[in-house]
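Trainee: Starting off with a structure, shown below.
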Amino acid sequence: MTTSNAPLPLPDLARFHEDVLAWFDDTARDLPWRRDASPWSVMVSEFMLQQTPVSRVLPVYTAWMERWPTPAELAAEPTGEAVRAWGRLGYPRRALRLHAAATAIVERHGGEVPRTRDELLALPGVGDYTAAAIESFAFGGRAVVLDTNVRRVFARVVSGDQLPANAVTAAERQVATALVPIQDAHRWAAATMELGALVCTARSPRCEQCPVAEICRWRAAGFPAYDGPARRAQAWEGTDRQCRGRLMGVLRDAPGPVPRTVLDAVWPDAAQRERCLDGLVADRLVEPVGEDELALPGHA
DNA sequence: TACCCGTGGGT
DNA sequence: TACCCAAGGGT
């Protein structure tokens, strides 16, 4: 971290708001969960967008909303159907959590997505970011929406750093809170996210397209490189995650229960394979069927 | 807190 | 090509 979190001078603050909002009016993507920003639409999209890019979410989201237009319709189906419909979005536990959240919404909230922060946070799979996003995008609330895009934009424009810290800091939250405008808070949230996603990107920022390049402290400082603690690279080859993914892929693509011998064929290390299979069963992503078959939970 | 949890596209 | 990274949450 190179610079302080000193607030932007008031003239810059006003420009920050005005220029980002004007840019958003001109360039916002026409995304289906914006076009129909019902609470359930927003909630489904936010679950899918957790660590997954928009382009990959789009087709799965569309099919999901056609099949399950309300929480009650999702809750009425076996969890395995949700996992199958999740397809290759990754982190399939999110499908389970979305199903569980839908069930809780039916049981505790009469089938309607709740609108208070505490009620949202009590739902499975809803953390600080997702609760704020639903408050903001579905209900027009004045929430502090801090996702990876917003964090990066504020790190650069306000703090002069290339990237934010690994975890949200108190100072960061303070900056974000102070920046939420009195009016148009939900548009501000969407606009700052959009700016981070389209222009102020992690790798190759398009500063020539940026509406606030002239007040950006990172740019003014000459684009100093990130100097915080190293980010641990995500290992992949040979990990349990790869093994679990391979196993889930077989079960998703099969119409019904799969013999263990078929699963044996997709991962050579027997000990690791059994450990991962046990983990998937413990996570309720997979269900044993009889002695030597496995399936997605709830049926076939 | 640090680590676990998938998948695929961009650079 | 080999990384890096993506609208995070749970433990």
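Trainee: Which of the residues that make up segment A:276-290 are surrounded by 13 or more Cβ atoms within 10 Å (Cβ to Cβ), within 11 Å of DNA strand B (Cβ to nearest atom) and in a helix (DSSP H, G or I)?
Mentor: A:C276, A:G279, A:L280 - these are the residues of segment A:276-290 that are surrounded by 13 or more Cβ atoms within 10 Å (Cβ to Cβ), within 11 Å of DNA strand B (Cβ to nearest atom) and in a helix (DSSP H, G or I).
Trainee: From the set of residues in segment A:163-177 that are open to solvent by 40 Å² or more (accessible area, probe 1.4 Å) and within 20 Å of the chain's Cα centre (by Cα), which is nearest to A:L10 (Cα to Cα)?
Mentor: Ranking the candidates gives A:R173 first.
Trainee: Another question, then. Do the conditions hold for A:E46, that is, is it more than 20 Å from the chain's Cα centre (by Cα) and not assigned by TED's automatic domain parsing to the domain that holds A:S159?
Mentor: Here the answer is no, as A:E46 does not meet what is asked.
Trainee: Please go through segment A:199-234 and give me each residue that is surrounded by fewer than 11 Cβ atoms within 10 Å (Cβ to Cβ) and assigned to a helix (DSSP H, G or I), ordered by number.
Mentor: Of everything in segment A:199-234, just one residue is surrounded by fewer than 11 Cβ atoms within 10 Å (Cβ to Cβ) and assigned to a helix (DSSP H, G or I), namely A:E208.
Trainee: Scan segment A:61-76 for residues that are buried (at least 17 other Cβ atoms within 10 Å of the Cβ) and touching a Gly at 6+ places or on another chain (Cβ under 8 Å) and jot them down.
Mentor: Within segment A:61-76, A:T70, A:P71 meet the criteria.
Trainee: For residues that are open to solvent by 70 Å² or more (accessible area, probe 1.4 Å) and at pLDDT below 80, scanning just segment A:8-24, find the one that is nearest to A:A165 (Cα to Cα).
Mentor: Checking each candidate, the answer is A:L10.
Trainee: Now, a different point. What number of residues within segment A:47-60 satisfy the criterion of being under 17 Å from A:A101 (Cα atoms) and open to solvent by less than 10 Å² (accessible area, probe 1.4 Å)?
Mentor: Summing the residues that are under 17 Å from A:A101 (Cα atoms) and open to solvent by less than 10 Å² (accessible area, probe 1.4 Å) in segment A:47-60 gives 2.
Trainee: Something else now. Restricting the first residue to segment A:228-245 and requiring it to be under 18 Å from A:Y91 (Cβ atoms) and at pLDDT 90 or above, which pairs with a second residue that is open to solvent by 90 Å² or more (accessible area, probe 1.4 Å) and near DNA strand C (Cβ under 9 Å from one of its atoms) meet a Cβ separation below 8 Å and a spacing of at least six or different chains?
Mentor: Close Cβ pairs satisfying both conditions: A:Q242/A:W236.
Trainee: Filter segment A:25-46 down to residues that are open to solvent by 20 Å² or more (accessible area, probe 1.4 Å) and more than 16 Å from DNA strand B (Cβ to nearest atom), then give me how many there are.
Mentor: Of the residues in segment A:25-46, 13 are open to solvent by 20 Å² or more (accessible area, probe 1.4 Å) and more than 16 Å from DNA strand B (Cβ to nearest atom).
Trainee: Here's another thing I want to ask about it. Would you mind listing the helices (runs of 4 or more DSSP H) fully within segment A:19-67 where at least 3 residues are more than 14 Å from DNA strand C (Cβ to nearest atom)?
Mentor: Helices (runs of 4 or more DSSP H) meeting the threshold: A:54-67.
Trainee: Out of everything in segment A:125-136 that is within 16 Å of DNA strand B (Cβ to nearest atom) and either among the hydroxyl-bearing types (S, T, Y) or over 14 Å from the mean Cα position of the chain (by Cα) (or both), what residue ends up being surrounded by the most Cβ atoms within 10 Å (Cβ to Cβ)?
Mentor: Here the residue is A:T130.
Trainee: Also, quick follow-up: Being within 10 Å of A:V145 (Cα to Cα) and aliphatic (A, V, I, L, M) is the filter; apply it to segment A:172-196 and report the residue that is farthest from DNA strand B (Cβ to nearest atom).
Mentor: A:A185
Trainee: So, A:A102, is that one in contact (Cβ under 8 Å) with a residue 24 or more places away in the chain, of a type in the set (G, A, S) and closer than 30 Å to A:L251 by Cβ or not?
Mentor: yes
Trainee: Which residues, taken from segment A:247-275, are exposed (fewer than 15 other Cβ atoms within 10 Å of the Cβ), under 29 Å from the mean Cα position of the chain (by Cα) and free of Cβ contacts under 8 Å to residues at least 40 places away in the same chain?
Mentor: If the condition is that a residue be exposed (fewer than 15 other Cβ atoms within 10 Å of the Cβ), under 29 Å from the mean Cα position of the chain (by Cα) and free of Cβ contacts under 8 Å to residues at least 40 places away in the same chain, then A:D253, A:R275 are the ones that fit.
The values are calculated or read from the model by the stated rules, or taken from the named source; none is laboratory data. Remember, it's a predicted structure, so these values are computed and weren't measured experimentally. In this analysis, Cβ positions are derived from the backbone assuming ideal geometry, glycine residues included, and neighbour counts consider all displayed protein chains. Ligands, DNA and RNA are excluded from the accessible area calculation, which covers all protein heavy atoms including side chains. Shrake-Rupley method; radii C 1.70, N 1.55, O 1.52, S 1.80 Å.
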